[in-house]
Each structure stands twice: as C-alpha cells, then as structure tokens.
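First up is the structure itself, then whatever we jot down about it.
Computed from the coordinates by the stated procedures, all read-outs in this text should not be read as laboratory data. Nothing here was measured: the structure is a model prediction, and the numbers come from that model. Reconstructed Cβ throughout: ideal geometry from the backbone, glycine too, with neighbour counts over all protein chains shown.
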Amino acid sequence: MGGNSIIKAEHIFKTFHKPVETQVLNDINFNINEGEFVSIMGKSGCGKSTLLYILSTMDTDYEGKLYLKGKLITGNSPNELAHVRNEHIGFVFQFHYLLPEFTVMENITLPAKKLAKKSDEEIYSDAKNILQLLDIANIAESKSYRISGGEKQRVAIARALINQPSIIMGDEPTGNLDSGNSENVLGIFKALAKEKGLTLLIVTHDQEFADQTDRIITMGDGKILT
Amino acid sequence: MNKKVLLNIAYKHITTRIKQSSIAALGVTFGIATFIILVSFMTGLNGLLDGLILDRTPHIHLYNEIIPSENQPISLSTRFKDDWFMVRSVKPKQNQSRIHNARPIINILKQNPDVLGVSAQVASQAFFTAGNIELNGIINGVNILEESRLFNIDNYIINGSIYDLHNNDNAIIIGIGIAKKMSTKVGDRIQIVNAKGNRLTLKIVALYQSGLAEIDNIQSFANIGTVQRFMGEKENYISDINLKLYDINKALPMSKELSKMYQITAVDIGTANAQFETGTAIRNIITYAVSITLLIVAGFGIYNILNMFIYEKMNDIAILKATGFSGNDVLFIFISEALLIGLMGGLLGLILGYFFSSVIDQLPFETDALPTIKTYPVNFNPIYYVIGIVFAMISTFFAGYLPARKAKRIDPVTILRGQ
C-alpha cells in the first residue's frame with residue numbers, strides 16, 4: 001500500500017547528560033511508509049520511548065535528521081513543531097491522558113478546534129463518526145474522569161484520529177489495560193490500519209501485540225537490531 | 001477562533017475550581033473596594049478642604065500695598081553711586097490704596113485668553129453700629145454675581161440669597177459673627193460708619209459663614225456702588241482686582257508679569273496657600289500607597305493559586321502540548337485565567353466600593369466650616385473606577401505571568417515519561 005515515506009529518521013543520536021553521560025540512541029536510521037503498521041519492541045531502557053518522543057517532535061534535543069512526509073522538521077521552531085503535532089501526529093499514551101474536567105466530546109474536539117481548519121459543526125460530526133466507529137458514542141457527553149479505563153483509551157484514540165493525522169504514535173497504549181481491553185484496542189488499531197489505510201507506529205512490550213503488526217523494529221542498547 | 005478555544009479551557013479551569021478561584025478573586029475585590037472607598041473619601045475630603053480656602057481664593061490678587069519704597073532719593077544720585085549709604089527711619093509715602101487706572105486694567109485683563117474671570121472689589125474699613133454697640137469690620141464692595149460665579153461665595157451664604165443683594169443698592173450681607181454679636185438677623189437694618197464719619201444705613205439680606213471665625217467676625221459684603229458711595233469716592237475707585245485663570249499653574253508667571261507691567265502688588269495663589277497643595281499631595285500618596293499594598297497582597301494570592309493550579313495541571317499541560325498546543329497557547333491560557341480572576345474580583349470590588357462610598361456619602365457630617373455641607377464629602381469621579389480596574393488587571397497580569405511562564409516552559413516529555 002503506497003510507497004510514500006511518512007516518517008524517516010537519519011542518523012539519530014541522543015545522549016542524556018544527567019546524571020551521567022549516557023548514549024541512549026546510537027545512529028538510528030529507518031523509514032516508515034504510508035499505510036504501514038509498525039511496532040517497536042525492546043527491553044526496558046533500550047531507548048524505544050526516547051526514540052518515540054524524538055519522532056513525535058516533542059523532544060528536540062538530539063542529533064541527526066528527521067523527515068515528515070519528506071520534509072525536514074529537525075530545527076523547526078517550537079511553534080512550528082506544535083503545529084506539526086497538531087496536524088500530522090496523533091498520540092495514544094499508556095496512561096490515557098484525557099483532560100478530566102472536560103467531557104469526552106470536548107476532549108476529542110480540542111485538537112481540531114486548535115487546528116481550526118473546519119467549522120465547529122464539521123468537527124462535531126467528525127467526532128460523532130469516530131465515536132461510533134470506536135463504539136463509544138453513548139459516553140460522548142460524560143465527563144472524562146467518570147468513564148472506565150478501557151473507554152478512556154478508546155477516547156484517546158478517537159482524539160488522536162480527529163485531525164486525520166499522517167501517523168498515529170502509541171507509547172505502550174495497551175500497557176495499562178487488562179487483556180480484554182487490550183485486545184479491543186489492538187483490534188481497533190488493526191481495523192484502522194487495514195480499512196482506513198492509516199500509518200501506525202506503536203511502542204510495545206507485548207509480543208502478542210507486536211506479532212499482529214506488519215513490521216517489528218527491535219531495539220537494543222540504543223541501536224536497531226532488526 | 002483559536003483564542004476562543006484557549007479561553008474556553010481557561011474558563012473550565014476556573015469554574016471547576018470555583019472555591020479557590022473565588023478566594024483569589026476576593027483578594028482583588030478587597031483591594032479594589034478599599035482603593036475606591038479610600039480614594040473617593042480622600043479626594044472628597046481634599047475637595048472640601050481645598051474648597052474651604054482655594055476655591056474662594058483668587059488665583060491672582062492685585063492691590064496696592066503700602067510699603068516703604070526700595071529706592072530712596074539718594075540711590076538715584078550719580079554722585080554717591082559707589083558709596084555705601086544708610087537711611088534711618090524710612091517711612092512709606094502717603095499713598096492711595098486705590099488701583100491707578102483700574103477700569104482700563106480690568107478691561108485689558110478680561111480680554112486675556114488665560115483669564116476665566118475678573119472681579120473688582122472696593123474694600124473699606126467700617127464700624128458696624130446697632131444701638132450703642134460699635135464693631136470694627138471690613139466692608140467689601142463686590143459684584144456679587146461674579147463673585148459667586150468665580151469664587152463660589154454663594155456656598156457660604158445662609159439665611160438669604162445673593163440676588164437679594166444684587167437687586168438692592170441699600171443691602172448688606174454680614175458675617176455671622178457680627179450678626180451674633182449685634183444680635184441682628186436678616187431683615188434688620190444696620191448702620192455703618194467709616195473713619196471719615198460717613199454713615200450709611202443698610203438692610204441685612206443674608207448672612208455669611210466662611211467657617212473661619214476671625215473672618216466671620218469682621219467680613220461683610222455690599223454692592224460695589226454702595227461702598228463707593230459710602231467712601232465718598234467715584235465709580236473708578238477700585239482697591240482690589242481678583243483674577244481667576246483657566247489654568248492655575250499660570251498664576252505665578254502671570255502675577256509676576258502683571259506686577260511689573262502695572263507697578264502693582266500681585267500675589268498668586270501658590271504663594272498665598274502653599275501648604276494646601278502639600279496636604280493634598282500627601283493625602284493622595286497615602287491613598288495610593290495603601291491601595292497598592294493591598295493589591296500586591298491580592299496579587300500574591302493569585303500567584304499562589306495559579307502556581308497550585310499549574311502543579312495540579314502538569315498532566316493537562318503536557319497533553320495539550322502533545323496534541324499540538326504551543327507554549328504560547330499555554331501561556332495565554334494561564335494568563336487569561338489570572339486576568340479573568342482579576343476582572344471578576346475587580347468588578348465586584350468596584351461595585352462594593354461604590355456601595356460603601358454611597359453609605360459614607362449618606363453619613364451626617366455637620367460642620368460650621370461649610371454651612372451647605374450636610375453629609376461626608378465623597379467624590380464619585382468615574383476616573384477612579386477606571387484606575388481601579390486597570391490596577392486590578394495590571395496586578396493580576398503580573399501575578400499570573402510568572403506561573404504562566406513556568407507552565408509555558410514545562411517539557412511534556414518529562415511529564416509523559418514520568419508516569
């Protein structure tokens with residue numbers, strides 16, 4: 001499916017300076033094409049989360065070059081990077097991270113309102129479609145601190161989808177869920193990849209989860225092993 | 001559009017923590033209300049006290065002062081030019097107390113664009129007699145309507161009206177002290193005698209109460225023609241010219257100029273009443289110092305609460321940043337929270353301040369000094385309400401800026417990884 005590069009990393013190095021000099025990432029090179037469902041695996045501390053935060057543009061303290069859709073984004077200003085995240089990258093974290101005092105609907109629509117490319121009506125109808133797709137339309141108006149953990153993670157996925165991003169990144173999105181919800185979320189990701197042709201990059205510990213993805217990148221000691 | 005989203009987030013943060021937000025806002029309310037009450041009352045009082053003297057004092061007073069001449073004949077002589085000389089027992093020359101060429105001077109002054117009004121006066125020593133009592137005093141011949149327009153004399157007239165004087169050439173307004181001593185009242189007749197023995201019987205149409213007993217015991221007013229007749233002088237006899245200017249600050253240079261031009265004594269209001277400006281300035285300084293202190297305390301309250309918000313909201317800030325809100329957006333959110341708290345508290349403070357000022361305005365305040373004042377003076381000038389709300393916004397902005405900047409700098413990666 002497709003052959004367009006969505007995200008490409010060239011010679012990424014990263015060193016932690018505190019508390020001691022530690023080389024976390026050592027010459028990382030890879031490319032993810034449009035429509036790929038990729039997982040990153042590796043032991044704790046091998047740098048996979050660090051890599052994800054660099055790819056997500058939130059961490060700018062690294063050496064090397066990062067391209068999004070063929071455009072160099074290394075060295076962009078923080079405001080430009082915020083805009084890139086808003087428009088092109090959807091996030092799902094291990095700990096749901098919703099804004100607790102907002103309703104589910106508000107949580108989902110916030111990034112779209114920030115992007116402000118569509119009218120409020122369009123945003124709400126998009127959000128409803130996504131909620132239906134994820135089978136959580138019934139909780140749209142609930143406050144997000146009142147819903148269950150599995151629901152929260154699905155809301156977070158819905159929020160990641162709202163701006164039709166180029167890529168969805170997940171940092172152990174199933175790490176904090178029981179097996180039932182885990183499978184549910186995995187099912188959603190697979191469906192999104194297959195049916196919608198979305199590009200996904202998921203960091204995980206879970207071998208079962210990784211096995212169901214198109215490609216597994218295994219990391220060890222700051223390097224890509226396979 | 002974008003800002004609306006951010007304001008919506010700020011609004012949500014405040015409304016879900018309504019208790020803490022209200023307490024922070026109440027700090028501002030307290031500060032602003034106190035400022036309004038203090039400043040309204042203080043400036044009201046200032047106005048009253050200034051009015052007591054400054055309002056009825058001419059900006060420039062022109063008259064002929066009897067003083068010995070600076071230049072004695074010997075100093076004009078070229079023969080003794082380089083010598084020291086000593087003249088003993090110098091006495092002033094017998095001189096008229098009238099202003100020479102008064103009418104033309106008045107006409108020229110009236111044309112001057114800086115001059116609000118000119119009032120001519122004829123002052124004369126007089127004895128007031130009723131029965132066998134004789135009291136020493138001063139009778140001032142004035143154009144009473146001009147005096148009222150320029151120097152608010154009508155504020156100090158009781159038991160009668162200035163128009164009764166204006167319409168009657170045989171009328172007089174006497175100081176309340178004189179009236180008491182002679183046990184006369186409005187409607188009675190009083191005889192005045194001057195040093196030359198001229199007599200005049202005048203009808204008392206009103207009483208004058210300045211609040212300064214030494215003035216009330218000697219001062220009286222009549223029409224200018226009445227006093228000229230009493231003195232046996234012609235219509236061009238004018239002893240004092242009082243000026244009121246549009247800009248009080250021009251009084252000093254103008255008085256110097258007039259003094260030189262007309263060879264006359266000219267006293268400006270600043271020289272005559274220097275202590276009043278000092279008093280006003282000090283009262284203003286106290287008012288602003290107290291208010292600013294209160295607002296700084298309120299600012300610390302806001303600073304504290306926003307700091308707490310930000311610690312509580314670390315996760316939210318991280319998630320906002322991860323989903324594409326920039327650092328400036330976050331800064332905007334928290335500053336608008338501070339300003340919203342400041343605006344709410346400030347507006348409430350204005351209302352509260354207005355309420356208490358109105359209460360003070362109703363409290364009885366009877367004083368001999370100002371017969372027309374019955375309650376405490378309060379100044380409801382809207383400018384102080386504008387200053388109050390601007391104060392509130394500025395202090396909350398600074399109180400909000402420091403925590404908001406901290407929020408702006410939060411690195412989402414450390415927060416997201418931390419869990």
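Per-residue mean of foreign Cβ neighbours for A:108-120 is 4 (Cβ atoms of other chains, 10 Å radius). Please list, by residue number, everything in segment A:88-110 whose backbone N is under 16 Å from a paramagnetic label point 7 Å out along Cα→Cβ of A:E195. Within reach of a label on A:E195: no residues. Is any residue of segment B:42-70 close enough, with backbone N under 18 Å, to a label point placed 7 angstrom from the Cα of B:N112 along the Cα-Cβ axis, and if so, which? Counting backbone N atoms under 18 Å from the label point, the list is B:57-65. Membrane-span-like helices in chain B (whole DSSP H runs, Cα extent of at least 15 Å along the helix axis, mean Kyte-Doolittle hydropathy of at least 0.0): B:18-50, B:274-312, B:327-362, B:382-409. Taking Cα pairs under 8 Å and at least six residues apart, what relative contact order does segment A:1-67 come out at, in percent? About 42 percent, as a whole number. The stretch between B:N8 and B:D169 holds 50.4 nm of extra length on full extension. This uses 0.36 nm per residue minus the Cα-Cα distance. The share of alpha-carbon pairs in the protein assembly as shown lying farther apart than 48 Å comes to 49%.
Where in segment B:56-70 is the amide nitrogen less than 18 Å from a point lying 7 Å along the Cα-to-Cβ axis of B:F85? In segment B:56-70, the label zone of B:F85 (backbone N under 18 Å from the point 7 Å along Cα→Cβ) covers B:68-70. A cut-off of 5 Å between modelled amide H atoms, ignoring neighbours fewer than 5 places along the same chain, links A:S142 with A:V104, A:M105.
Taking a ≥ b ≥ c as the square roots of the eigenvalues of the alpha carbon gyration tensor, segment B:77-145 is oblate, as a/c is not under 1.5 and a/b does not beat b/c. Here B:N64 and B:I248 are evaluated by their C-beta separation; at R0 = 25 Å the FRET efficiency comes out at 0.55. Pairwise inverse Cα distances across segment A:5-224, averaged and inverted, put the Kirkwood hydrodynamic radius at 17.8 Å. In this calculation the C-beta distance from B:I351 to A:Q132 is compared with R0 = 45 Å, giving a FRET efficiency of 0.40. The value for chain B of Rg(Cα) / (2.2 N^0.38 Å) is 1.51.
Calculated FRET efficiency, B:R405 to A:S119, Cβ-Cβ distance, R0 = 25 Å: about 0.15 to the nearest 0.05. Across chain B, the relative contact order, built from alpha-carbon pairs under 8 Å that are at least six residues apart, equals 28 percent. The separation of segment B:61-108 from segment B:290-365, counted between C-alpha centres, amounts to 68 Å. The 3J(HN,Hα) values that the Karplus relation (6.51, -1.76, 1.60; θ = phi - 60°) gives for segment A:61-75 are, in residue order, 8, 8, 10, x, 10, 10, 10, 10, 6, x, 9, 5, 10, 5, x Hz. Gly and Pro appear as x. A simple spin-label model places pseudo-atoms 7 Å from Cα toward Cβ; at B:E366 and B:I282 they are separated by 3.1 nm. The H on the amide N of A:N33, modeled in the peptide plane, is under 5 Å from the matching H of A:I6, each at least 5 residues off or on a different chain. Shielding by partners for peptide B:324-331, expressed as the average number of C-beta atoms from other protein chains within 10 Å of each residue's C-beta, is 6.
For B:A171, the residues whose amide H sits under 5 Å from its own are B:K203, B:N223, ignoring neighbours fewer than 5 places away on the same chain, with H placed 1.01 Å from N.
For the protein assembly as shown, the mean residue ellipticity at 222 nm estimated from helices alone is -15000 deg cm²/dmol, where every DSSP H run of n ≥ 4 contributes -39500 (n - 2.57) and the total is divided by all residues, rounded to the nearest 500. On a per residue basis, the convex hull of the C-alpha atoms belonging to segment B:311-352 measures out at 63 Å³.
From the phi angles alone, apply the Karplus equation (6.51, -1.76, 1.60; θ = phi - 60°) to segment B:196-208 and give each ³J(HN,Hα) in whole Hz, x where the residue is Gly or Pro. Once θ is set to phi - 60°, the couplings for segment B:196-208 become 7, x, 5, 10, 8, 9, 10, 8, 7, 9, 6, 10, 10 Hz.
In order along segment B:121-138, the Karplus-derived 3J(HN,Hα) couplings, from 6.51 cos²θ - 1.76 cosθ + 1.60 at θ = phi - 60°, round to 9, 10, 9, 9, 5, 8, 10, 9, 10, 8, x, 9, 8, 10, 10, 7, x, 10 Hz, and Gly and Pro are given as x. Note on segment A:39-103 and segment B:139-214: Cα centroid distance 91 Å, given to the nearest whole angstrom. Taking the Cα centre of each part, how many Å lie between segment A:173-187 and segment B:229-275? The two parts, judged by their Cα centres, are 96 Å apart. Within chain B, the longest run free of exposed loop sites, counting GluC sites (Glu not before Pro) that sit outside DSSP helix and strand states (H, G, I, E, B) and have at most 13 other Cβ atoms within 10 Å, spans B:71-234. Treating the angle as unsigned and between 0 and 90°, give the value, to the nearest 10°, between the Cα long axis of helix A:120-133 and the longest Cα principal axis of chain A. Taking the Cα atoms of chain A, the angle to A:120-133 is about 80 degrees. Entry note, chain A: relative contact order of 30 percent, from Cα contacts under 8 Å with a spacing of 6+ residues.
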